[in-house]
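Have a look at the structure below, then the notes.
The values are calculated or read from the model by the stated rules, or taken from the named source; none is laboratory data. Predicted model, so just to flag it, every value in this text is computed and none were measured. Cβ placement follows ideal geometry from the backbone for every residue including glycine, while neighbour counts extend to all protein chains displayed.
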Amino acid sequence: MQLSDKSVWAKRAAKLGPAGVLLWKFKTMALLVLTKGKLVLLGLTKLSTFASMMAFFAVYWSLYGWKFALGFVLSIYIHEMGHVIALRKYGIAATSPMFIPFVGAIVRLRQYPANVAQDARVGLAGPIWGLGAAVVAWMAALTTGLPIWYAIAHTGAWLNLFNLIPVWQLDGGRGFRALTRKQRGMALGVVVAMWVLTQEGMLLFIGLGAGYRLFTKDAPSEDDNGVLMQYAGLIVLLALLVLMTSRFSLRSSY
């Protein structure tokens, strides 16, 4: 759409008052979702991704049934495509996702990010998109009341929370590289507060990792408030989602 076309639409919407403004915002959001949707589907055009995805699906179908397996594989795929879209944003070459049963999926970088800020945002993009997938499953659960949706939401939220452990090459480890020592302490405070609130065991491992990273020598000198907000927000929302879906196990879903 040309700039002049956008101006015409904006003027027409303004004439409708508040309702017009809402319509204009909805139109903008719809275009954004459609654009991102096309990017998400791009991964399925790669034969290697599709084949490994089907093999992954088959394994979990045999264990937990096709409904959970389908929701599980799509949740992981969306998580990985979050990384891919962030990599595209920064112009970083990488492979398409490859699925490995009992491990998850990986995206191999063909070049390094320009700095720790980019690497941190690429790392946290996966859990952000994964959170979105888990929330959609949770909303489907609230709408339908079907235990399978709760199980998919719970598993997706728990796995994305696991990925926030700030060690090694996990997404949380990449996110922590951009945080100063002070910010790492603040992130640890959020983790402890959420553990007190939810008693979620995974937060203990995240807290141990965060405590360890307080004393490592890789902390930068300048704050990155954007990464801190993303990390802390993911901890809060994922921990709450795990808590709200915790009574639904895989066995109770089929």
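Could you please find all residues in segment 171-192 being assigned to a helix (DSSP H, G or I), within 18 Å of G123 (Cα to Cα) and among the basic types (K, R)?
Once the filter is applied, which keeps residues that are assigned to a helix (DSSP H, G or I), within 18 Å of G123 (Cα to Cα) and among the basic types (K, R), segment 171-192 yields R174, R184.
If I ask for residues that are at positive phi and buried (at least 24 other Cβ atoms within 10 Å of the Cβ), which ones from segment 167-180 would you list?
None - no residue of segment 167-180 is at positive phi and buried (at least 24 other Cβ atoms within 10 Å of the Cβ), so the list stays empty.
Report yes if W195 is of a type in the set (F, W, Y), within 18 Å of Y212 (Cα to Cα) and in a loop (DSSP other than H, G, I, E, B), otherwise no.
No: the conditions fail for W195.
If I go through segment 110-145 residue by residue, how many of them are free of Cβ contacts under 8 Å to residues at least 24 places away in the same chain and either assigned to a loop (DSSP other than H, G, I, E, B) or among the basic types (K, R) (or both)?
6
Kindly evaluate G91 against the criterion of being part of a helix (DSSP H, G or I) and either under 23 Å from D171 (Cβ atoms) or modelled with pLDDT under 50 (or both).
So G91 fails the test.
Which residues, taken from segment 146-166, are in a helix (DSSP H, G or I), hydrophobic (A, V, I, L, M, F, W, C) and surrounded by fewer than 24 Cβ atoms within 10 Å (Cβ to Cβ)?
Result: I148, W158, L159, F162.
Pairs please, first residue from segment 199-214 and farther than 16 Å from L237 by Cα, second anywhere and in a loop (DSSP other than H, G, I, E, B) and basic (K, R), Cβ atoms under 7 Å, 6+ apart in sequence or on different chains.
none
List, please: which pairs have Cβ atoms under 6 Å, are six or more places apart or on different chains, and start with a residue in segment 222-234 that is surrounded by fewer than 13 Cβ atoms within 10 Å (Cβ to Cβ) and end with one that is among the β-branched types (V, I, T)?
Listed pairs, sorted by first residue: none to list.
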